[in-house]
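Enquirer: One structure, pasted below without further comment.
The values are calculated or read from the model by the stated rules, or taken from the named source; none is laboratory data. Bear in mind that the values here come from a model prediction, so they are computed numbers and not experimental data. Note that we place each Cβ from the backbone using ideal geometry, even for glycine, and neighbour counts take in every protein chain shown.
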Amino acid sequence: MAQSPCTSSSSFSNEPGFDYIVNLNVGGRIFATSCNTLSWIPDSFFTSLLSGRMNSVRDASGAIFIDRDPDVFRVILNYLRTKQVDLGGLKVATLKHEALFFGLTPLIRRLTLCEELSSTSCGSVYFCGMIPPPDMPLENLPNEKSRSPMYSESNESKKPSGGSPRHRVHSKKQSSDMSKYIKNELTELAKSKSLPDRDTEPLKVRMIRAHICSIVVAYSYFVCVYRVTEWNTYILLWKSPRTRTYVTHIAVNTKIAATVAERLVAVAFADDTIGLWHIDDEGKTEKKGLFSMNVSIDNLFFVGTQMVALSKSGKVGIWHSATQNWQAQDIQPISCYDTAGSSLILGCANGSMNHIDMQKFPLRMKDNDLLVTELFRDPNGDTITSLSVFLTPKTSACGNWIEIAYGTSNGVVNLILQHPETAGHQPVLFQSYNIHNSPVVRVSLNTAYLISVCSEYNHVRSWNVTRFRGMINTQPGTVPLASFKVLTLDSTDETTDKQYNHPGPYGDQDSEQVLVQRVIPNAQKLFVRLASTGERICTVDSVEDSPITAFCVHELDGQKLGSRLRKHLFCGNGNGSVQVWDLTSALDQFHLKNGSNPGHQVNPPAAANQADLIKTQLTQSPRSLISLSNYSGGPTPQELLDVIDDNDICCSTPALSRCPSTAFQ
């Protein structure tokens, strides 16, 4: 039996040569050591324990009980005996966690140095730059309520204190009861940490938008506009004054004339107003106006130089650059949208698909009516929850062949086509896939693939698209390729920010698209994956150990002779900085490692049926469909647990609730 511990620190530390045997019961395993061995590091767990400053529990044999992992403690005890570290197959992070618990400062320093072997403040090989945090603006935007009729005290008094009201289209289904526990637990954590952060974390990056050579970064109460130079450096053109209300949406359009670029920047606020500014390359700013639709704004973007604002309630607002006019009109409740050329396609809650031709917009100004026409109606009348429009290249022989993929609230993905010769008639239903059990929140149709994402933790289905002369083949059309999940546990309280930070797919329709997986809010790691197969391209670790709070994928033109477009990932951080990562290099390395061709797709005109096409794919492609069906490029279970543990998510049991999801993104 172990001797009784000393009653004071002086009784064992100040008497030369004084020592005794200490028996420890660590997780059910008995360790025998000496008082001097345990207490040679001052101000540690053991000095407090043996001095009596810490209460102890003893087992039946009298050994002091410590509720820790005995396998890890064996390494800790060997270090205290020999002052040498033998990992014994343990992870450095695991051993450091225990060293922090026991307060062993010399061991913590050694293990921290070991971690520095694989980490650097300069980032990985794909890190290519950083936009530093801006200084906080001191002045406020002038209060324009008194001189603008669009504000009314009655309307503002109805607004909740947290911002504009949030509209829900459907509820997200969960994979299992355990998923509900984890997601509700994450929500409680986000509430405890994030509710006051609009004021306590004013430099936290909320949203990032990019167009050509312009980058717009939104914080809680101000925005910054940057210009990308030909050498991929970032120049701050304009920083807005501090706004009166919370920033909810941003949009940017850049127009390049000769060597000079000018940009329109739109910012929506929580009081349902929109500010519009013109900014040139010298940073000269002209305010175009302050607009409102008197309803909550759910999306803000540009179609060419025309600013468009949408509300789920069924209102469309458009500002036209040529006439400088703002016009708003009520239509059917809107659930999703997409753009193609000068066309704006709106998916509606009643199953209709409406079209607005922005080129004809100025002609309709006199009668104050947008030219809205019904393009298609879902055969089952289901809510259209996602849209993707693909225009084939126009040739001398014929015009654009219009292809539209859309998802519904019942999990159906439909593909409709319109031939140039049938212009003026409704598109015809080409193929239908009833493959999701939850609403389809995103869909992407590009030159090589059809990709759909449903609301059940971003379950992804993909198909190979076979084409002949740029148009989809009638036989077989599409062939199933992959099925996988992009698990994200986003907070249900960050609805607006989540619209700007969803997994994707991201990328132009004629380039390789990617998915960006952020497992939990404020994680310091992102997983970048191929949108077509789910294979992992790379991981992105925050350079400054600051949480990644926003991200944006954008293709930048090097503006040098012979340079190609390069895909970049812009990651906004909690400290206000924006880190830039080169995804083009990551994709090149991925294809080099896997022996694949990024532009490879199998489109044999002679393939008369699906069996022939699959057989051709299996012989020509280095990655077969069979292996892809079981492949997961997302985080491994251990990586998932590490990300969750790094953000201090505790294992509590909160009340069960269904987690709603927005389809309007």
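Enquirer: Can you name the strands (runs of 3 or more DSSP E) wholly within the range 507-568 that have at least 1 residues being among the aliphatic types (A, V, I, L, M) and over 14 Å from the mean Cα position of the chain (by Cα)?
Expert: 525-530, 536-541, 548-557
Enquirer: Applying the selection to the range 424-440, what residues are under 25 Å from the mean Cα position of the chain (by Cα) and more than 15 Å from residue 351 (Cα to Cα)?
Expert: Correct list: 435, 436, 437, 438.
Enquirer: Looking at the range 117-136, can you tell me whether even one residue there is surrounded by 13 or more Cβ atoms within 10 Å (Cβ to Cβ), modelled with pLDDT of 90 or more, more than 27 Å from the chain's Cα centre (by Cα) and not in a helix (DSSP H, G or I)?
Expert: No, because not a single residue in the range 117-136 is surrounded by 13 or more Cβ atoms within 10 Å (Cβ to Cβ), modelled with pLDDT of 90 or more, more than 27 Å from the chain's Cα centre (by Cα) and not in a helix (DSSP H, G or I).
Enquirer: I'd like to know if the range 421-433 contains one or more residues that are crowded, with 21+ Cβ neighbours inside 10 Å, farther than 21 Å from residue 312 by Cβ and either modelled with pLDDT under 85 or out of contact with any helix residue (DSSP H, G or I) (no Cβ under 7 Å at 6 or more places or on another chain) (or both).
Expert: no
Enquirer: Quick check on the range 292-330: of everything there that is hydroxyl-bearing (Ser, Thr, Tyr) and more than 22 Å from residue 246 (Cβ to Cβ), which residue is surrounded by the most Cβ atoms within 10 Å (Cβ to Cβ)?
Expert: So in the range 292-330, the residues hydroxyl-bearing (Ser, Thr, Tyr) come out as 292, 296, 305, 311, 313, 321, 323.
Right, trim to more than 22 Å from residue 246 (Cβ to Cβ) and you get 305, 321, 323.
Values: 305: 15, 321: 17, 323: 12.
Step by step, filter the range 292-330, then rank; the result is 321.
Enquirer: Something else: Please work out which residue is surrounded by the fewest Cβ atoms within 10 Å (Cβ to Cβ), limiting yourself to the range 4-33 and to residues that are touching a strand residue (DSSP E or B) at 6+ places or on another chain (Cβ under 6 Å) and either at pLDDT below 90 or among the polar types (S, T, N, Q) (or both).
Expert: 19
Enquirer: Now for a different question. Test residue 400 against the criterion of being more than 30 Å from residue 644 (Cβ to Cβ), at pLDDT 80 or above and not in a strand (DSSP E or B), and give yes or no.
Expert: Considered against the rule, which asks whether it is more than 30 Å from residue 644 (Cβ to Cβ), at pLDDT 80 or above and not in a strand (DSSP E or B), residue 400 comes out as no.
Enquirer: Looking only at the range 282-312, count every residue that is touching a residue at least 24 places away in the same chain (Cβ under 8 Å), farther than 19 Å from residue 211 by Cβ and not aliphatic (A, V, I, L, M) and tell me the total.
Expert: Within the range 282-312, residues that are touching a residue at least 24 places away in the same chain (Cβ under 8 Å), farther than 19 Å from residue 211 by Cβ and not aliphatic (A, V, I, L, M) number 7.
Enquirer: Checking the condition closer than 22 Å to residue 30 by Cα, of a type outside the set (A, V, I, L, M, F, W, C) and modelled with pLDDT under 95, which residue from 105, 94 passes?
Expert: Criteria check complete, one pass: 94.
Enquirer: Which condition number in (1) part of a strand (DSSP E or B); (2) modelled with pLDDT of 90 or more is the one that residue 586 fails?
Expert: (1)
Enquirer: Next question, about the same structure. Looking at the range 480-508, which of its residues are of a type in the set (Val, Ile, Thr) and either over 17 Å from residue 528 (Cβ atoms) or at pLDDT below 85 (or both)?
Expert: Hits for the range 480-508 are 492, 495, 496.
Enquirer: For the range 239-264, what are the residues that are farther than 17 Å from residue 278 by Cβ, at pLDDT 85 or above and part of a loop (DSSP other than H, G, I, E, B)?
Expert: 243, 245, 246
Enquirer: Please go through the range 449-470 and give me each residue that is closer than 17 Å to residue 430 by Cβ and in a loop (DSSP other than H, G, I, E, B), ordered by number.
Expert: Answer for the range 449-470, where residues must be closer than 17 Å to residue 430 by Cβ and in a loop (DSSP other than H, G, I, E, B): 466, 469, 470.
Enquirer: When the range 453-478 is examined, which residues are found to be touching a residue at least 40 places away in the same chain (Cβ under 8 Å) and over 21 Å from residue 418 (Cα atoms)?
Expert: Residues satisfying the conditions are 453, 454, 455, 456, 457, 458, 460, 461, 462.
Enquirer: Here is a further query. Residues being in a helix (DSSP H, G or I) and of a type in the set (Val, Ile, Thr): count how many of those fall in the range 56-110.
Expert: Of the residues in the range 56-110, the ones in a helix (DSSP H, G or I) are 70-82, 92-102, 105-110.
Now drop any that are not of a type in the set (Val, Ile, Thr), which leaves 72, 75-76, 82, 92, 94, 105, 108.
The total comes to 8.
Enquirer: Scan the range 32-51 for residues that are within 15 Å of residue 76 (Cβ to Cβ), part of a helix (DSSP H, G or I) and hydrophobic (A, V, I, L, M, F, W, C) and report the count.
Expert: Within the range 32-51, residues that are within 15 Å of residue 76 (Cβ to Cβ), part of a helix (DSSP H, G or I) and hydrophobic (A, V, I, L, M, F, W, C) number 4.
Enquirer: Another question, then. Where in the range 288-360 are the strands (runs of 3 or more DSSP E), entirely inside, with at least 2 residues that are under 25 Å from residue 445 (Cβ atoms) and more than 24 Å from the chain's Cα centre (by Cα)?
Expert: Those strands (runs of 3 or more DSSP E) span 343-348, 352-357.
Enquirer: Within the range 281-291, which residues are at pLDDT below 90 and either surrounded by 14 or more Cβ atoms within 10 Å (Cβ to Cβ) or polar (S, T, N, Q) (or both)?
Expert: 281, the sole residue that qualifies.
Enquirer: Given the criteria of a type outside the set (Asp, Glu), under 30 Å from residue 517 (Cα atoms) and at pLDDT below 90, does residue 405 qualify?
Expert: In short, no.
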